[in-house]
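Novice: A single structure is presented below for examination.
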Amino acid sequence: PALPMSPPSLKTRDRLSEVRYEIRGELARRARELEARGRKQIKLNIGNPGAFGFRAPEHLQRAIADQIARTDPYTHQQGLPAAREAVARFYKERGTPNASPERVFIGNGVSELIDLSLRALLNPGDEVLLPSPDYPLWSAATILNDGRPVYYSCLPENGFLSDPEQIESLVSSRTRAIVLINPNNPTGAVYPRELLQQIVAIAAKHGLLIMADEIYDSITYDGAQFQPIAPLAGEVPCLSFGGLSKVHRACGWRVGWAVLSGDPLASGDYHHAMDLLGALRLCANVPGQFAIDAALHGEDTITPLCEPGGRLYEARRAVVEAVAASRHLTLVQPAGALYAFPGVTGPAARDFDDHKFALELLETEDVLVVPGSSFNVPYRNHFRVTLLPQPEDVREVFTRIERVLDRHAER
Ligand code: PLP
């Protein structure tokens with residue numbers, strides 16, 4: 001039969017209309033358009049170390065190169081046994097209860113595991129407690145797996161930390177999990193031990209799975225101490241996420257892991273569900289898995305970057321100093337991770353719209369930042385920058401930001 005001239009256009013999944021990922025969204029598209037016309041930009045939107053000249057440490061590269069000839073076959077769906085053993089050993093050493101290679105799931109980045117772990121958990125209408133601000137994949141994956149995000153606030157006036165009383169007030173009969181991102185993207189908050197203990201107590205009382213996105217675990221500044229939550233959680237089921245993308249600057253390799261801990265009886269069929277979903281996608285990228293042992297048990301290459309004189313430390317210092325000198329900005333100093341999340345105050349904040357501001361900054365000053373509301377906050381006066389550029393680029397960016405905010409203040 002003859003093909004119709006104009007077939008009806010395809011319909012997509014309805015709930016996609018609820019999903020946003022603006023880190024790579026409209027603004028980034030507009031930036032590429034301007035770039036193609038020859039405009040030179042400073043892009044602070046993506047936490048992509050490789051794009052700022054960082055390389056994965058050589059001993060990780062070597063681990064893959066040496067074993068590349070062995071990477072052809074599919075592996076077990078949860079990952080290479082040797083890689084899972086390396087992850088389990090690292091988590092056992094930090095005191096994770098009942099961590100074992102059988103409870104490690106290796107994925108194509110933490111991104112894949114966030115999706116998979118929520119898919120394994122949620123029935124339609126189930127609720128997930130998410131931080132606001134969040135890393136927006138957590139919201140997206142909750143929605144696309146038929147769940148409902150319920151946000152607990154991490155307010156700037158509270159150092160972007162959560163309030164356990166508020167968290168508990170949001171628990172309902174449909175709540176299944178509590179997510180925390182520590183150290184936090186986008187705010188840089190690092191959770192103190194007492195707060196983590198209070199979150200554990202809520203999870204224990206209400207039978208929730210703790211989902212701890214700890215992908216920035218050893219990126220901290222000025223003596224801030226990262227405390228993993230799993231060792232505090234005892235028998236409470238906990239899924240801890242980590243990977244090579246940030247701490248080891250190898251995000252293109254797509255390697256992440258999730259470690260299930262706590263009482264195996266309390267996690268019921270969850271292990272089986274994760275294993276089944278893992279099997280359906282066969283296995284994760286194999287070459288990258290050969291770098292895991294070297295990453296977790298080789299030389300520490302991240303700490304020097306986070307100490308005075310190190311690039312991340314100096315970029316962070318440049319942000320802090322620029323905000324201190326600004327007439328319009330405030331900042332909760334990031335204690336960890338790769339971002340700062342400044343707020344706009346005073347006359348410049350009148351009728352402020354973070355999206356319009358980000359667009360204006362791009363169009364007039366060739367600087368790309370991410371509007372704060374992209375991270376699911378109800379306020380519209382924040383934006384996120386990464387700490388990955390050279391410190392002098394950070395200073396230049398904040399000079400340009402100040403210029404735009406001066407104009408806002410005069411309007
Ligand atoms: N979780 C957080 C908080 C992140 O910031 C990111 C990436 O920026 C991810 C997870 C995903 O990382 P990957 O998929 O590269 O492991």
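Just so you know, all these numbers are worked out from the coordinates, no wet-lab data involved. Remember, predicted model here, so these are calculated numbers, not experimental data. Note: ideal-geometry Cβ built from the backbone for every residue, glycine included; neighbour counts use all protein chains shown.
Novice: Sum up the charges of everything whose Cβ sits under 11 Å from the Cβ of THR301, counting Lys and Arg as +1 and Asp and Glu as -1, but leave THR301 out. Display every interim value, and only then the final one.
Specialist: Numbers: positive: ARG55, ARG249; negative: GLU58, GLU299, ASP300.
Around THR301, the charge tally is -1.
Novice: If each residue's Cβ is checked for other Cβ atoms within 10 Å, how do SER6, SER111 rank with the fewest at the top? Mind dumping the intermediate values first?
Specialist: Working: SER6 6, SER111 19.
By the 10 Å Cβ count, ascending, the order reads SER6, SER111.
Novice: Right, something else. Can you pull out the trypsin sites (Lys or Arg not before Pro) in the range 230-309 whose DSSP state is coil and whose Cβ has at most 13 other Cβ atoms within 10 Å?
Specialist: Answer in residue order: ARG281.
Novice: For the chain, treating each Cα as an identical point scatterer without solvent, what Debye log10 I(q)/I(0) comes out at q = 0.06, 0.08, 0.13, 0.15 1/Å?
Specialist: Log10 I(q)/I(0), no solvent term: -0.25, -0.44, -1.15, -1.46.
Novice: Give the Debye-formula value of log10 I(q)/I(0) at each listed q (0.15, 0.16, 0.17 Å⁻¹), with one equal scatterer per alpha carbon of the range 259-354, two decimals each.
Specialist: Evaluating at q = 0.15, 0.16, 0.17 Å⁻¹ gives log10 I(q)/I(0) of -0.85, -0.87, -0.89.
Novice: Name the most mobile residue of GLU165, GLU22, GLU157, meaning the one with the largest mean-square fluctuation, in a Gaussian network model of the chain with Cα contacts below 10 Å.
Specialist: Highest fluctuation of the listed residues: GLU157.
Novice: Here's something else I'd like to know. Could you give the Stokes-Einstein D for the range 109-237 in µm² per second, using the C-alpha Kirkwood radius, 4 °C, 1.567 mPa s? Write down the numbers at each step before the final one.
Specialist: Numbers: Rh = 14.7 Å.
Rounded, D is 88 µm²/s.
Novice: Return the sequence-ordered ³J(HN,Hα) values of the range 39-54 in whole Hz as given by the Karplus equation 6.51 cos²θ - 1.76 cosθ + 1.60 applied to θ = phi - 60°, using x for Gly and Pro.
Specialist: 6, 9, 10, 10, 9, 10, 8, 10, x, 10, x, x, 6, 10, x, 6
Novice: Then there's this: Students often forget the sequence filter, so: which aspartates and glutamates lie under 17 Å Cα-Cα from LYS92 once same-chain residues fewer than 8 apart are removed?
Specialist: GLU102, GLU214, ASP217, GLU235, ASP263, ASP293
Novice: How much net charge surrounds TYR152 when only other residues with a Cβ under 11 Å from its Cβ are counted (Lys, Arg +1; Asp, Glu -1)? Walk me through the numbers on the way to the answer.
Specialist: Numbers: positive: none; negative: ASP134, ASP163, GLU165, GLU168.
Counting the neighbours of TYR152, the net charge comes to -4.
Novice: Between ALA295, ALA203, ALA65, which gets the highest mean-square fluctuation from a Gaussian network model of the chain, Cα cutoff 10 Å?
Specialist: ALA65
Novice: Next up: Roughly what angle does helix 270-280 make with the longest principal axis of the chain, taking Cα atoms, 0 to 90 degrees, to the nearest 10?
Specialist: 80
Novice: What percent do you get for the relative contact order of the chain when only Cα pairs under 8 Å and 6+ apart count? Before the final figure, lay out the partial values.
Specialist: Working: 810 pairs, mean separation 90.6, N = 411.
Computed value for the chain: 22 percent relative contact order.
Novice: Same structure again: Give me the dipole magnitude in Debye, nearest 20, for the chain about the Cα centre, with unit charges on the beta carbon: positive for Lys and Arg, negative for Asp and Glu.
Specialist: Numbers: 43 positive and 50 negative charges, 184 e Å.
Result for the chain is approximately 880 debye, rounded to the nearest 20.
Novice: Using only Cα atoms, find the angle between the long axis of helix 26-36 and the longest principal axis of the chain, and express it within 0 to 90 degrees, rounded to the nearest 10.
Specialist: Helix 26-36 sits at roughly 70 degrees to that axis.
Novice: Now a separate question. Report the relative contact order of the range 58-297, percent, no decimals, based on alpha-carbon pairs under 8 angstrom and at least 6 residues apart. Walk me through the numbers on the way to the answer.
Specialist: Values: 482 pairs, mean separation 70.9, N = 240.
Relative CO of the range 58-297 lands at 30 percent.
Novice: Another question about this same structure. On a 0 to 90° scale, report how tilted helix 354-365 is relative to the longest principal axis of the chain, with both axes built from alpha carbons and the result rounded to the nearest 10.
Specialist: Tilt relative to the chain: about 60 degrees.
Novice: Hey, could you grab the Kirkwood Rh for the range 58-297? Inverse mean 1/r over distinct alpha carbon pairs, Å, one decimal. Mind dumping the intermediate values first?
Specialist: Numbers: mean 1/r = 0.0558 Å⁻¹.
So the Kirkwood estimate lands at 17.9 Å.
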